[in-house]
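See structure below.
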Amino acid sequence: MMKSSLNEILSFNESFVKFKQYEPYITSKFPDKKSVILTCMDTRLVELLPKAMNMRNGDVKIVKSAGAQVSHPFGAIMRSLLVAVYELKADEVYVIGHHDCGMSAIDPELMIHHMIERGVNEDIINTVKFSGIDLVEWLRGFGDVSTSVLKSVDLIRNHPLMPNGTPVHGLIMDPNTGKLDLLSDGNEYLTKNNLIDTTKIEQ
Ligand code: ZN
């Protein structure tokens, strides 16, 4: 039988709730630090990223995707960022990629091969391809993490539904030490391009 962590998780969860271990984490759904972070699903960043940025429960919204990529301007990731900004009081967007990212090593052709090996019928792969979905392009990762982060930053900054004057920052994290390198400062970008939102009153 396949080993699943489900039962382990459920029994841990029962005692977690019973002994009120949630108490230190009680907060609201609005981010205290008024930011939303888009980062990678990499396991090394699960605890490291918030710790290395001094973020605690309740401080920020975190959206995750493989490679911290926004692959589609009208997909779920972009929607999450817009919801965070419009409805959940996030005023700044951080896109944080990381070195040694799994998405930089993805070979789409090989992954499709793995799908077939795992039992996905080749006809289905072909049907998907013929229905106008560029499967290879959709699965493709990136060669260079900086380029990828800047591409996502650019897409978010220029998104037609993103409110004017929202700073969008691009950074890269070292997945071992948590060190951040700044690629693009969103405030600098707004100032340089005269995009500061004048409709917003300083609070
Ligand atoms: Zn990654």
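Counting only protein heavy atoms, what percent of the accessible surface of the stretch 28-72 is carbon or sulfur at a 1.4 Å probe? Provide the component values of the computation, followed by the final result.
On the way: 1260 of 2420 Å².
Taking all protein chains in place, the stretch 28-72 shows 52 percent carbon and sulfur surface.
Read phi for every residue in the stretch 116-126 and hand back ³J(HN,Hα) as whole Hz from Karplus 6.51 cos²θ - 1.76 cosθ + 1.60, θ = phi - 60°, with x for Gly and Pro.
Couplings: 5, 4, 8, x, 6, 5, 4, 4, 5, 4, 5 Hz.
Taking only protein heavy atoms into account and a 1.4 Å probe, give the accessible area per residue of the chain in Å².
Working: 13530 Å² over 203 residues.
That works out to 67 Å² per residue.
Which is the longest part of the chain that has none of the chymotrypsin sites (Phe, Trp or Tyr not before Pro) sitting in a DSSP loop with at most 12 other Cβ atoms within 10 Å?
So the longest stretch without any such site is 75-203.
Percent antiparallel among DSSP beta bridges with both residues in the chain, to the nearest 5? Working shown, then result.
Numbers: 4 of 21 bridges.
Here the antiparallel bridges make up roughly 20 percent for the chain.
Only sites in a loop by DSSP and with at most 13 other Cβ atoms within 10 Å count here; which trypsin sites (Lys or Arg not before Pro) in the stretch 145-201 make the cut?
Numbers: sites: Lys151, Arg157, Lys179, Lys192, Lys200; in loops: Lys179, Lys200.
Listed in order of number, the matching sites are Lys179, Lys200.
Evaluate the charge dipole of the chain about its Cα centre and quote only its size in Debye, nearest 20, assuming +1 on the Cβ of each Lys and Arg and -1 on the Cβ of each Asp and Glu.
On the way: 21 positive and 26 negative charges, 129 e Å.
Charge dipole, the chain, about its Cα centre: 620 debye, nearest 20.
Largest first, how would Glu14, Glu122 line up by accessible area (1.4 Å probe)?
Numbers: Glu14 135, Glu122 110 Å².
Largest to smallest exposure gives the sequence Glu14, Glu122.
If R₀ is 25 angstrom, what is the calculated FRET efficiency for the pair Ser131 and His72, using the beta carbon separation as r and rounding to 0.05?
Numbers: r = 16 Å, r/R0 = 0.65.
After rounding, the FRET efficiency stands at 0.95.
Given H placed on each backbone N at 1.01 Å, which residues far from Val63 in sequence or on other chains put an amide H within less than 5 Å of it?
Ile37, Leu38, Thr39
Which of the lysines could a cross-linker span from Lys34 if the Cα-Cα distance has to be under 16 Å and same-chain partners fewer than 8 positions apart are dropped?
Hits, sequence-local ones excluded: Lys61, Lys89, Lys200.
Once phi is turned into θ = phi - 60°, what whole-Hz ³J(HN,Hα) does the Karplus curve with 6.51, -1.76 and 1.60 give for every residue of the stretch 89-97, x standing for Gly and Pro?
For the stretch 89-97, the Karplus-derived couplings read 6, 8, 9, 9, 10, 10, 9, 10, x Hz, x marking Gly and Pro.
The values are calculated or read from the model by the stated rules, or taken from the named source; none is laboratory data. Since the model is a prediction, treat every value here as computed from it, not as a measurement. Neighbour counts run over all protein chains shown; Cβ positions are idealised from the backbone, glycine included. Quick note on the areas: whole protein, heavy atoms, side chains included, nothing else; ligands and nucleic acids left out. Shrake-Rupley method; radii C 1.70, N 1.55, O 1.52, S 1.80 Å.
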